[in-house]
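Q: Here you go, one structure.
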Amino acid sequence: MGIFKKIYQLLFLPLNLFKLWLFKVKHGKITIFGPLLIINRGRMTIGDHARINSGKYKNPIGGDTRSSIVVKPGALLTIGTNLRMSNSAIYCAQSITLGNNVMIGGSCKIWDSDFHPIDPDVRLATPNDNYRTAAIHIGNNVFIGGASIILKGVTIGDNSVVGAGSVVSGNIPPNEIWAGNPARFIKKLKKDEQQPV
């Protein structure tokens with residue numbers, strides 16, 4: 001199976017690197033396993049030593065999905081060093097910042113947009129315009145458990161953990177574990193569980 005995975009990676013490596021070049025993504029050393037969907041119409045930076053899994057052959061916990069990163073015109077996506085992401089989606093319509101050493105589990109979604117207007121009359125008239133956006137900030141050493149959704153306007157503090165399957169619509173302070181739908185405080189991290197920032 002190891003040889004198959006290496007061949008799979010090599011098949012998509014040139015295409016993924018071409019997409020990064022085509023969409024003018026500033027990036028350091030990056031490893032991408034599988035076919036990454038990437039569209040950058042704004043500004044996107046990915047720091048050194050990023051590792052992105054995309055597709056059913058690299059990380060089975062994400063199901064048969066792939067990873068996707070979309071940045072809309074005028075938006076800014078900044079990703080720090082040592083990103084780890086598996087079969088997840090980042091959609092940036094305004095601003096998303098990920099710190100260093102962020103881990104994003106399988107099938108997560110990070111969206112800084114409502115995608116459609118909330119008001120039904122406006123939605124009927126212009127379903128794909130006049131929607132709300134708000135910046136997302138994810139600190140250093142944050143771990144987002146599989147199948148979680150991070151919604152617009154959220155800040156997650158350094159070292160915090162989001163439990164699998166959570167929906168985060170409010171801010172999470174540093175050094176805490178939150179989980180659920182909607183995500184709620186579970187406990188503080190002990191001093192020996194916290195990473196230096």
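The values are calculated or read from the model by the stated rules, or taken from the named source; none is laboratory data. Since the model is a prediction, treat every value here as computed from it, not as a measurement. In this analysis, Cβ positions are derived from the backbone assuming ideal geometry, glycine residues included, and neighbour counts consider all displayed protein chains.
Q: For region 66-85, name all the residues that are buried (at least 17 other Cβ atoms within 10 Å of the Cβ) and in contact with a Ser or Thr (Cβ under 7 Å, 6 or more places away or on another chain).
A: If the condition is that a residue be buried (at least 17 other Cβ atoms within 10 Å of the Cβ) and in contact with a Ser or Thr (Cβ under 7 Å, 6 or more places away or on another chain), then ARG66, SER67, ALA75, THR78, ILE79, MET85 are the ones that fit.
Q: Collect the residues in region 9-58 that are of a type in the set (D, E, K, R) and in a helix (DSSP H, G or I), keeping them in residue-number order. Give the derivation first.
A: Kept after step one, since they are of a type in the set (D, E, K, R), are these residues of region 9-58: 19, 24, 26, 29, 41, 43, 48, 51, 56, 58.
LYS19, the sole residue that qualifies.
Q: Please find, within region 73-95, the residue that is nearest to PHE115 (Cα to Cα) out of those that are in contact with a Lys or Arg (Cβ under 7 Å, 6 or more places away or on another chain) and touching a residue at least 40 places away in the same chain (Cβ under 8 Å).
A: So, considering only residues that are in contact with a Lys or Arg (Cβ under 7 Å, 6 or more places away or on another chain) and touching a residue at least 40 places away in the same chain (Cβ under 8 Å), the one nearest to PHE115 (Cα to Cα) is ALA93.
Q: Show the residue pairs meeting these rules: Cβ distance below 6 Å; 6+ apart or different chains; first residue within region 13-29 and in contact (Cβ under 8 Å) with a residue 40 or more places away in the chain; second residue in a loop (DSSP other than H, G, I, E, B).
A: GLY28/GLY47; GLY28/ASP48
Q: Further, regarding this structure: Cβ-Cβ under 8 Å, sequence separation 6+ or interchain: first residue in region 127-148 and without any contact (Cβ under 8 Å) to a residue 40 or more places away in the chain and among the charged types (D, E, K, R), partner part of a loop (DSSP other than H, G, I, E, B) and surrounded by fewer than 18 Cβ atoms within 10 Å (Cβ to Cβ). Which pairs?
A: Pairs that qualify, where the first residue is without any contact (Cβ under 8 Å) to a residue 40 or more places away in the chain and among the charged types (D, E, K, R) and the partner is part of a loop (DSSP other than H, G, I, E, B) and surrounded by fewer than 18 Cβ atoms within 10 Å (Cβ to Cβ), are ARG132/ASP114; ARG132/ILE118.
Q: Consider ILE90 carefully, then state whether it is in contact with a strand residue (DSSP E or B) (Cβ under 7 Å, 6 or more places away or on another chain), modelled with pLDDT of 95 or more, farther than 16 Å from ASP48 by Cα and crowded, with 20+ Cβ neighbours inside 10 Å. Spell out the reasoning first.
A: Values: in contact with a strand residue (DSSP E or B) (Cβ under 7 Å, 6 or more places away or on another chain): yes; modelled with pLDDT of 95 or more: yes; farther than 16 Å from ASP48 by Cα: yes; crowded, with 20+ Cβ neighbours inside 10 Å: yes.
So ILE90 passes the test.
Q: Mind listing just one residue for me: the one in region 138-171 that is closer than 13 Å to VAL102 by Cβ and of a type in the set (A, V, I, L, M) and, of those, surrounded by the fewest Cβ atoms within 10 Å (Cβ to Cβ)?
A: Per the criteria, the residue is VAL161.
Q: In region 149-167, what residues are of a type outside the set (A, V, I, L, M, F, W, C) and either farther than 23 Å from PRO117 by Cα or part of a loop (DSSP other than H, G, I, E, B) (or both)? Please lay out each step first, then the result.
A: Within region 149-167, the first condition is being of a type outside the set (A, V, I, L, M, F, W, C), and the residues that meet it are 152-153, 155, 157-160, 163, 165-166.
Result: LYS152, GLY153, GLY157, ASP158, ASN159, SER160, GLY163, GLY165, SER166.
Q: Also, quick follow-up: From the list GLY170, GLY146, pick out the single residue that is under 15 Å from GLY106 (Cα atoms) and assigned to a loop (DSSP other than H, G, I, E, B).
A: Numbers: GLY170 fails: under 15 Å from GLY106 (Cα atoms).
After applying the criteria, what remains is GLY146.
Q: Could you grab the pairs with beta carbons closer than 7 Å, sequence gap of 6+ or different chains, first residue in region 111-126 and within 27 Å of LEU98 (Cβ to Cβ), second one at pLDDT 85 or above and in a helix (DSSP H, G or I)?
A: Matching pairs, first to second residue: HIS116/ARG123.
Q: Going by the conditions given, is THR45 among the β-branched types (Val, Ile, Thr), modelled with pLDDT of 95 or more and touching a strand residue (DSSP E or B) at 6+ places or on another chain (Cβ under 8 Å)?
A: Values: among the β-branched types (Val, Ile, Thr): yes; modelled with pLDDT of 95 or more: yes; touching a strand residue (DSSP E or B) at 6+ places or on another chain (Cβ under 8 Å): yes.
So THR45 passes the test.
Q: Which of the following residues is at pLDDT below 95 and either touching a Lys or Arg at 6+ places or on another chain (Cβ under 7 Å) or charged (D, E, K, R) (or both): GLY55, GLY28, GLY62? Steps first, answer last, please.
A: Details: GLY28 fails: either touching a Lys or Arg at 6+ places or on another chain (Cβ under 7 Å) or charged (D, E, K, R) (or both); GLY62 fails: either touching a Lys or Arg at 6+ places or on another chain (Cβ under 7 Å) or charged (D, E, K, R) (or both).
One residue alone meets the criteria, GLY55.
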